1. If you go through the stretch 7-50, how many residues are in contact with a Gly (Cβ under 7 Å, 6 or more places away or on another chain) and outside any loop (DSSP other than H, G, I, E, B)?
2. Within the stretch 52-71, is even one residue among the aromatic types (Phe, Trp, Tyr) and either closer than 29 Å to His169 by Cα or surrounded by fewer than 17 Cβ atoms within 10 Å (Cβ to Cβ) (or both)?
3. Among (1) under 25 Å from Gly35 (Cα atoms); (2) at pLDDT below 95; (3) not charged (D, E, K, R), which single condition is Val122 missing?
4. Specify which of the listed residues (Ala119, Ala101, Ala109) is of a type in the set (A, V, I, L, M) and surrounded by fewer than 14 Cβ atoms within 10 Å (Cβ to Cβ).
5. Considering only residues that are farther than 15 Å from Arg177 by Cα, buried (at least 16 other Cβ atoms within 10 Å of the Cβ) and not polar (S, T, N, Q), which ones fall in the stretch 30-44?
6. Given the stretch 90-205, what strands (runs of 3 or more DSSP E) lie entirely inside it while holding 2 or more residues that are small (Gly, Ala, Ser), on the phi < 0 side of the Ramachandran plot and in contact (Cβ under 8 Å) with a residue 12 or more places away in the chain?
7. Considering the stretch 172-182 alone, what residues qualify as being surrounded by fewer than 18 Cβ atoms within 10 Å (Cβ to Cβ) and hydroxyl-bearing (Ser, Thr, Tyr)?
8. Any chance the stretch 74-89 includes a residue that's part of a strand (DSSP E or B), crowded, with 20+ Cβ neighbours inside 10 Å and either free of Cβ contacts under 8 Å to residues at least 24 places away in the same chain or touching a Ser or Thr at 6+ places or on another chain (Cβ under 8 Å) (or both)?
Amino acid sequence: MLWTRTKRAYVSAECVDATQVRMDGPFVVDTHRPGIFRSTSVAPQSDDVPFRSVLWSWGELEAKPVGLGDTAMLTLTESVCWDHRGASSEGTAIKQVCFVARRADVNRAEFERRYSAHAEIVRTHHPAVTRYVQNIVVDSQGEGVAAIEAISELWFDSVDDYCERYYAHDISPDIVRTDVTDYLDFTRGFNVMMEPTASSRAWRQ
C-alpha cells in the first residue's frame, strides 16, 4: 500500500460541466463515460447509473464545491494500493468506479477485512489495472448513498485495456466471483465507467 488519507466524494446524478466546478483545495472531477462494456463481467453492466459525476476532494474537508449541482457526500478513508500509471495514459485513462454495498448477513468488520484482502485478487487477476484505490466510507449524507460502504477505483490506461485485458486468465472471472459474492450485495451496489475531466492545480496523487 502506498498511502492512506482522508478524502470526500461528492456524487451527482447529473453529468456536470467539470470546467465550471470551483473549490478551495485540491480536487478531481470524474464524469460518466457511457457505452463501455465487456463481454464478461462479474457485476451487472449498465449505462442506467445513479451517479454520473464524482468530485473527489482532499485537504480542508470543510470546503464545499461550487458548480456541481445537487450532491450527496461521502467521507472516506482512502487507501492507494498501487499506482503504475505512465505518462502516455494522460488523456486516455478511464476508471471503473465501484460503489460497493455489503450483504446484510455480513458484519462491518468482516466486510472491511474481506474488502481489504480483495486487493490481492485485483493485483493477480486484473493485469491492466494501473492504479487501484480502496475507499472505506466513514460517513455519508444525502440521497442514494446509505447502502454504500466502500468505493473502489480501478484505473486503466485506455478503453482497449479495460475491454481486452480486464482478466488475466480464463479462470479469473470465476475466482473473482467466488471471492466477492458472499460479502457483496450486487442488488444495491453498482459500477460506473468514468474518466477524469478536470482537476485543480493543487491536486497531487
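The values are calculated or read from the model by the stated rules, or taken from the named source; none is laboratory data. Bear in mind the structure is a predicted one, so any value in this text is a computation, not a measurement. Glycine also receives a Cβ, built like all others from the backbone with ideal geometry; neighbour counts cover every protein chain displayed.
1. Looking only at that region, the number is 3.
2. To start, the set of residues in the stretch 52-71 that are among the aromatic types (Phe, Trp, Tyr) comprises 56, 58.
Applying the additional criterion that residues be either closer than 29 Å to His169 by Cα or surrounded by fewer than 17 Cβ atoms within 10 Å (Cβ to Cβ) (or both) yields none.
Scanning the stretch 52-71 turns up no residue that is among the aromatic types (Phe, Trp, Tyr) and either closer than 29 Å to His169 by Cα or surrounded by fewer than 17 Cβ atoms within 10 Å (Cβ to Cβ) (or both).
3. All conditions pass for Val122, except number (2).
4. On the way: Ala119 fails: surrounded by fewer than 14 Cβ atoms within 10 Å (Cβ to Cβ); Ala101 fails: surrounded by fewer than 14 Cβ atoms within 10 Å (Cβ to Cβ).
Within the list Ala119, Ala101, Ala109, the selection yields Ala109.
5. The answer is Asp30, His32, Arg33, Ile36.
6. Working: elements: 94-101, 131-141, 148-156, 190-199.
Output list reads 148-156, 190-199.
7. Thr178, Thr181, listed by residue number.
8. yes
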